[in-house]
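Right, one structure below, let's go through it.
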Amino acid sequence: MSTRDHYTVLGVSRDASTDEIRDAYWRQVRVHSVGVEPGERLRELREAYETLTDPPRRAQYDLTSDGASASPPAPAATLPPIRPLSEPEPVVPEPEPAHHSRNPLDRLTARLPRPWRIAIDWIVTIAGAIFIVLAIKQWVINPYRIPSSSMEPTLHCARPGARCEARLSDRVLANRFIYHFRSPGRGEIIVFDTPTVRAEEACNASGTFVKRLIGLPGDTVRYEHNVLSINGEPIKEPYIKPGRAGGRQGTWRVGSGMYFFMGDNRASSCDSRAWGAVPRKNIIGEVFMTYWPPNRIAFHAIGAGLALGFVLLVPSRRRRRSVR
């Protein structure tokens with residue numbers, strides 16, 4: 001047994017608490033045990049720690065150290081053996097499991113630095129979005145603006161244009177793929193390309209027009225005294241408003257594969273009465289919705305809501321931005 005004072009060995013005062021004694025013990029152990037095997041100093045520290053942290057033994061030791069008689073000390077509490085402290089081993093992160101992407105772009109750029117992969121991913125994403133928008137406009141749905149009064153009041157044009165009724169021109173959507181699955185129907189509002197030479201001669205204008213389909217292939221269209229008849233049968237036209245009837249009168253025979261168009265504003269519409277029927281290849285699509293201005297939002301075709309959900313990329317004819 002060591003003859004040195006236990007309090008001196010641990011470097012604490014005689015009134016130190018158990019927690020202070022424990023802290024002092026481990027502090028001394030760390031100092032004297034790094035890199036060496038336990039020796040005499042560590043045994044002294046352990047003996048002092050075991051004695052001073054056991055209340056009965058500490059009381060007996062205090063009496064003995066003061067010169068009073070003391071009974072043999074109680075058996076020491078068993079403590080785990082003191083081992084020298086060592087530096088913690090570095091933590092090596094586990095390798096991430098290999099990720100096998102099914103994306104061809106990921107496989108192609110796998111060997112590139114991460115910044116390059118991110119940049120390429122953004123470029124491809126933006127290019128893809130632009131392509132989708134252009135594809136939808138070219139083959140699915142395309143917007144058009146109404147610049148003239150030929151379809152008033154069904155489709156408005158903006159004042160101060162002649163006989164225009166609205167402050168803003170209507171903007172419409174045309175379904176560009178519907179006629180790949182069925183033939184145009186009488187009464188539908190359709191976007192089409194005019195016969196350029198004849199339209200220029202008759203109306204001093206050509207390009208992409210929007211009119212109502214009146215005559216189908218093989219029909220005989222008659223417009224006399226502002227009354228429309230097809231194959232000898234009068235046709236009711238609730239879309240023709242008072243004061244809008246009139247214009248060129250006559251009878252026309254619609255040839256095979258041709259379509260006859262007239263505007264709802266008959267008195268101010270330059271249409272098939274002037275430049276003749278339109279071949280099937282010139283038809284672009286059916287106007288199914290007015291989307292602007294907000295107070296004019298309306299559907300013009302049965303099942304138009306379903307048409308918005310279709311995304312069919314079918315090649316079509318070239319498009320125009322404005323219609324007459």
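Points to keep in mind about this one:
- Largest accessible area first, the listed residues GLU237, GLU200, GLU224, GLU152 line up as GLU200, GLU224, GLU237, GLU152 when surface is computed with a 1.4 Å probe on the assembled protein chains.
- For ILE230, ILE240, the ranking by accessible surface with the largest value first comes to ILE240, ILE230, using a 1.4 Å probe.
- Reachable aspartates and glutamates from LYS241, criterion Cα separation under 14 angstrom, eight or more residues apart if same chain: GLU152, GLU165, ASP264
- With the convex hull drawn over the C-alpha atoms of region 182-259, the volume per residue is 118 Å³.
- Placing R0 at 30 angstrom, the Cβ-Cβ distance between LEU168 and GLU188 gives a FRET efficiency of 0.80 after rounding to 0.05.
- With every protein chain in place and a 1.4 angstrom probe, the accessible-area ranking of LEU155, LEU63, largest first, reads LEU63, LEU155.
- Counting protein heavy atoms only, region 146-297 has 52 percent of its accessible area on carbon and sulfur, 1.4 angstrom probe.
- Nitroxide proxy distance, nm - points 7 Å out along Cα→Cβ at LYS236 and GLU47: 12.1 nm
- Per residue solvent-accessible surface (Å²) - region 183-251, probe of 1.4 Å: 49 Å²
- Applying 1/(1 + (r/R0)^6) with r as the Cβ-Cβ distance of VAL124 and TRP292 and R0 = 41 angstrom yields a FRET efficiency of 0.80.
The values are calculated or read from the model by the stated rules, or taken from the named source; none is laboratory data. Only a predicted model underlies this, so the values are computations on that prediction, with no experimental measurement involved. Cβ sites come from the backbone with ideal geometry, for glycine too, and all protein chains shown count toward neighbours. The area values use the complete protein model at the heavy-atom level, side chains included, leaving out ligands, DNA and RNA. Shrake-Rupley method; radii C 1.70, N 1.55, O 1.52, S 1.80 Å.
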